[in-house]
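These notes are about the structure you will find just below.
The values are calculated or read from the model by the stated rules, or taken from the named source; none is laboratory data. These figures come from a predicted structure and were not determined experimentally. Using ideal geometry, Cβ is built from the backbone for each residue, glycine included, and neighbour counts are taken over all protein chains shown.
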Ligand code: ATP
Ligand code: MG
């Protein structure tokens, strides 16, 4: 049985969890939960329903360490929120600080007009998602993130606002730049891919990419927008100052274990949205100096994947045998690539000694025959 304690947060017993439900008019209601491990997403919605009887609440949010809002819509997402919260509690305990309650923000149901072509909700609300913070004073973080989202919601991400700085790397399809976004003052990673395609296909790609605005996971790279200029597409994403895992050589097991948890969480999140990654490999696992690990370059737009494949024909060494043989691709194929990637990161070399792999490059099919044969 759960109950509400209204008013300021009282002393907490060691098992109790105090959830502060923030209401739209700026007030808050504290709810003490004495059985936190058994708490379900449904229970939280029920209590929000008691606090806000006139609103239809379908989800709620909490703030991460950057002040970005993370949406909770399931038991699994709630577990992630609680584990994040308990990590902040531990930090507060270590620093001898007062334990802050867990603040949540009820989110009302959106009208159907806000749904995209995939029938999924598009997150156009300012302030959501995770973002990089380089070059910003901490008090402007929240504002900047909100501004950026607002710009994006209005479809205003464009070349004029972007100042390209360094080249971060070249892949098979294009070049990734570190860039400065003038309007938000934010550092971005911009992937520029030359593509000779029709206007119709460009529109289709843009609409397929819309689902990325909905992606809201701390294990997936933040997506800020895309635009076409002449014959090239630019994809603007969160900049990760630690780069990709392919350059780290042999990674110690205890570190790799933690990386694996983040990567698996990222993949599980994508799969829950019915997105297959299709290009799991160390160069698509990015890290930052905050210790975060995020996945990038997943195949959300079939048209974009096909258009790139037409220009850059080949197969990569992390592909599952069924894919090399041209059979159907499924979640298990992502899992294969994950396994090969982690073997490489653990061993410090590609696990098939027969394959001399230049990182990122595409391989002739004959070379990969050993992968198919060994299965
Ligand atoms: P492929 O084209 O097959 O995906 P790749 O992943 O090596 O191969 P790119 O995706 O073009 O190639 O990326 C090139 C390099 O740019 C990566 O290896 C990585 O080091 C860097 N990079 C990509 N995205 C980011 C980012 N968001 N933040 C920081 N560095 C990035
Ligand atoms: Mg990549």
| request: Within the range 65-85, track down each residue that is surrounded by fewer than 16 Cβ atoms within 10 Å (Cβ to Cβ), in contact with a helix residue (DSSP H, G or I) (Cβ under 9 Å, 6 or more places away or on another chain) and over 17 Å from residue 42 (Cβ atoms). | output: 65
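Residues checked against (1) part of a helix (DSSP H, G or I); (2) surrounded by fewer than 15 Cβ atoms within 10 Å (Cβ to Cβ):
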site	(1), (2)
289	no, yes
300	no, no
306	yes, yes
309	yes, yes
318	no, no
323	yes, no
329	no, no
332	yes, yes
| query | Does the range 35-79 hold any residues that are part of a loop (DSSP other than H, G, I, E, B) and touching a strand residue (DSSP E or B) at 6+ places or on another chain (Cβ under 8 Å), and which are they? | reply | 39, 52, 55, 56, 64, 68, 73
| said: Let me spell it out: the conditions are (1) closer than 27 Å to residue 175 by Cα; (2) more than 16 Å from ligand 2 (Cβ to nearest atom); (3) in contact with a strand residue (DSSP E or B) (Cβ under 9 Å, 6 or more places away or on another chain); (4) modelled with pLDDT of 90 or more, and residue 297 meets all of them except one. Which number is the exception? | reply: (2)
| request: Starting from residues that are surrounded by 17 or more Cβ atoms within 10 Å (Cβ to Cβ) and either touching a residue at least 60 places away in the same chain (Cβ under 8 Å) or away from ligand 1 (no atom under 16 Å from the Cβ) (or both), keep the ones in the range 257-269 and report whichever is nearest to residue 331 (Cα to Cα). | output: 267
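Within the range 236-256, take every residue that is in contact with a helix residue (DSSP H, G or I) (Cβ under 8 Å, 6 or more places away or on another chain) and crowded, with 21+ Cβ neighbours inside 10 Å and give me the one that is nearest to residue 305 (Cα to Cα).
We begin by selecting, within the range 236-256, every residue in contact with a helix residue (DSSP H, G or I) (Cβ under 8 Å, 6 or more places away or on another chain); these are 244-246, 248, 250-251, 253, 256.
The next check asks that each one be crowded, with 21+ Cβ neighbours inside 10 Å; those that pass are 244-245.
Numbers: 244: 21, 245: 23 Å.
Residue satisfying both the conditions and the ranking: 244.
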| field | Within the range 20-45, tally of residues that are in contact (Cβ under 8 Å) with a residue 40 or more places away in the chain and within 15 Å of residue 75 (Cβ to Cβ) | value | 4
| task | Given the conditions (1) touching a helix residue (DSSP H, G or I) at 6+ places or on another chain (Cβ under 9 Å); (2) within 16 Å of ligand 2 (Cβ to nearest atom), report the number of the one that residue 259 does not fulfil. | result | (2)
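Of the residues 266, 291, which single one is under 16 Å from the mean Cα position of the chain (by Cα) and within 15 Å of ligand 2 (Cβ to nearest atom)?
266
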| query | Restricting attention to the range 346-369, does a residue exist that is more than 14 Å from ligand 1 (Cβ to nearest atom), at pLDDT 85 or above, assigned to a helix (DSSP H, G or I) and farther than 28 Å from residue 225 by Cβ? | reply | yes
| message | Looking only at the range 196-223, filter to residues that are modelled with pLDDT of 90 or more and closer than 13 Å to residue 296 by Cα; which one of those is surrounded by the most Cβ atoms within 10 Å (Cβ to Cβ)? | response | 222
